[in-house]
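What follows is a short report on a single structure.
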Amino acid sequence: MRVIAKSTLKKFWGQAEYSDAQAPLESWHEETLKADWKSPQAVKAQYGSASICGNNRVVFNIGGNKYRLVVEMQYQAGIAWIKFIGTHAQYNKIDVENVNEY
């Protein structure tokens, strides 16, 4: 999969209060680059804790569920487009299917 964009992840973990997110986000990024997900079921097969949502959105638990990563999957094009990264509390305030913070 092509990830749009790693710079979004770097911007997040570059903030002092979220620096602990760097290692788990880098791991997610590397695994996603190697993935060839063609469907939501393929994502779930690799990430059992991922939540499949409407509007082609998938929510990944990052860092032991301390952080939430919302990604719009464009399966046919092979693109994982980051739409939100934040704490669990920040995630609870967004509309997963429409968020577009990055």
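Scanning region 82-102 for residues that are β-branched (V, I, T) and assigned to a strand (DSSP E or B) gives I82, I85, T87. Cβ-Cβ distances below 8 Å connect the following pairs, each with a first residue in region 64-93 that is closer than 15 Å to W13 by Cβ and polar (S, T, N, Q), a second residue that is part of a strand (DSSP E or B) and modelled with pLDDT of 95 or more, and a separation of six or more residues or different chains: T87/Y67; T87/R68; Q90/R68. Residues being in a helix (DSSP H, G or I) and within 19 Å of E97 (Cβ to Cβ) are entirely absent from region 59-81.
Among residues of region 58-88 being modelled with pLDDT of 95 or more and either touching a Cys at 6+ places or on another chain (Cβ under 9 Å) or open to solvent by 60 Å² or more (accessible area, probe 1.4 Å) (or both), the one that is nearest to K44 (Cα to Cα) is V59. If you check K34, K44, K38 for being under 28 Å from S19 (Cβ atoms) and basic (K, R), only one passes: K34.
Take the conditions (1) open to solvent by less than 70 Å² (accessible area, probe 1.4 Å); (2) part of a helix (DSSP H, G or I); (3) touching a residue at least 40 places away in the same chain (Cβ under 8 Å); D20 misses just one of them, which is (1). Pairs meeting the criteria (first residue in region 1-17 and surrounded by fewer than 16 Cβ atoms within 10 Å (Cβ to Cβ) and in a loop (DSSP other than H, G, I, E, B), second residue among the β-branched types (V, I, T) and at pLDDT 95 or above, beta carbons under 7 Å, at least 6 apart or on different chains) are A5/I82. For region 34-56, the criterion of being assigned to a helix (DSSP H, G or I) and crowded, with 20+ Cβ neighbours inside 10 Å is met by at least one residue.
The values are calculated or read from the model by the stated rules, or taken from the named source; none is laboratory data. Bear in mind that the values here come from a model prediction, so they are computed numbers and not experimental data. Please note: Cβ atoms are built from the backbone with ideal geometry, for glycine as well, and neighbour counts cover all protein chains shown. In case anyone asks, the SASA skips ligands and DNA or RNA and just uses the protein heavy atoms, side chains included. Shrake-Rupley method; radii C 1.70, N 1.55, O 1.52, S 1.80 Å.
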